[in-house]
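Visitor: Before I ask anything, let me first share the structure, which is written out below as structure tokens.
The values are calculated or read from the model by the stated rules, or taken from the named source; none is laboratory data. Just so we're clear, the structure is a prediction, and the values are computed from it rather than from any experiment. All Cβ positions, glycine included, derive from the backbone under ideal geometry; neighbour counts span all protein chains shown.
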Amino acid sequence: MKKSILGVMITLLIVLSGCVQKTPEPEAEKDYICKDTPLAEGCYVPSDDLDFISPVADEYTISETFETDRVNQMPRNWLLYRNEEYKTDGVKATIVENGDNRYVELFSDGLKAPMYPQSAPNPTFIFSTKFNLDQDRKGVAYASILLPSDKPTDSISFGVSTGAVNTIQAIIGSDLKVQIKVGGPFFYYSGTADGGDIHSTNITIQKDTWYTFKFEWDASTNVVSASIQQGDQFTALYSGAFHISNRVNALADGAILVPNVFRVTMPRNYTNTYAYIDDVIVERKGA
Ligand SMILES: [Ca+2]
């Protein structure tokens, strides 16, 4: 028995020493050289990807149906503004589920607002997600909105803000009438006497009903427009020329300095407002 254990140990020792001896010297030398010069020739496999830096930011669109977001959570691709003055639940954007559809419940207490720009009527509720169509400078955005009858509602605005066409948005007031606002600053007010232009429409919405709005912009034709879906058709609410804000958001050579966002806002009006949003889609326009 003892002999056999001894035999196994001796065999193991021979095998182990064999392994150590088998390590080739040149490999060890190469490892050492590359440790100090990892980018030297022969120390890495060159890849074209390492040298490529795109000269322009990639364009990307939005396709938010919220079906893969978690119920009771904030939708993951969106930002909701708040600062330390806001109450914990002063603004909320929460995924809710009704049947097999998920969408976002929006809430604003209307009490606080961003501190800047100072003495401006900044909104309390600012909910946004980014896209980028800066090369195309045209696109189509959709969003569906519902105002509930069983919870308080007041005023809500939603639409796109891009470098090429400052802003176009729909405003639904406490009277449920739809207005279209073109231009204006990134939030409500730029401090440059450019508050945007508000156009009334003959549309009044009803509560507890989903409405789909469409916003289009096209720098090549200098047209920006908004419409609302009625049945299978979209009814025009506004169509006009591009509005270029006083605020510098693009350079003369076309370079765009501000992000493209789809944005929902609610004013600082000391009023609780609930609203629901679904199917926020930004697509390329035409071919
Ligand atoms: Ca949905």
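Visitor: Which numbered condition in (1) in contact with a strand residue (DSSP E or B) (Cβ under 7 Å, 6 or more places away or on another chain); (2) farther than 14 Å from M266 by Cα; (3) modelled with pLDDT of 95 or more is the only one that V182 fails?
Guide: Every listed condition holds for V182 apart from (3).
Rundown of residues vs (1) crowded, with 18+ Cβ neighbours inside 10 Å; (2) closer than 30 Å to S220 by Cα, yes/no style:
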position: K87; (1), (2): no, no
position: G99; (1), (2): no, no
position: Y116; (1), (2): no, no
position: P121; (1), (2): no, no
position: K130; (1), (2): no, yes
position: Q135; (1), (2): no, yes
position: G139; (1), (2): yes, yes
position: A143; (1), (2): yes, yes
position: D150; (1), (2): no, no
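Yes/no per residue for (1) modelled with pLDDT under 80; (2) within 16 Å of the ligand (Cβ to nearest atom); (3) closer than 30 Å to G139 by Cα; (4) not hydroxyl-bearing (S, T, Y):
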position: P55; (1), (2), (3), (4): yes, no, yes, yes
position: T65; (1), (2), (3), (4): no, yes, yes, no
position: R70; (1), (2), (3), (4): no, yes, yes, yes
position: N77; (1), (2), (3), (4): no, yes, yes, yes
position: Y86; (1), (2), (3), (4): no, no, no, no
position: N98; (1), (2), (3), (4): no, yes, no, yes
position: Y103; (1), (2), (3), (4): no, yes, yes, no
position: L111; (1), (2), (3), (4): no, no, no, yes
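Visitor: What single numbered condition from (1) in a loop (DSSP other than H, G, I, E, B); (2) closer than 26 Å to I277 by Cα; (3) at pLDDT below 95 fails to hold for T221?
Guide: (2)
Visitor: Here's a follow-up. Kindly provide the set of residues from the range 73-126 that are within 20 Å of P152 (Cα to Cα) and in a loop (DSSP other than H, G, I, E, B), ordered by number.
Guide: Y86, K87, T88, D89, G90, D109, G110, L111, K112, A113 - these are the residues of the range 73-126 that are within 20 Å of P152 (Cα to Cα) and in a loop (DSSP other than H, G, I, E, B).
Visitor: Something else: So, R76, is that one of a type in the set (D, E, K, R) and either at positive phi or not assigned by TED's automatic domain parsing to the domain that holds R268 (or both) or not? So that I can check it myself, show each step before the final result.
Guide: Values: of a type in the set (D, E, K, R): yes; either at positive phi or not assigned by TED's automatic domain parsing to the domain that holds R268 (or both): no.
In short, no.
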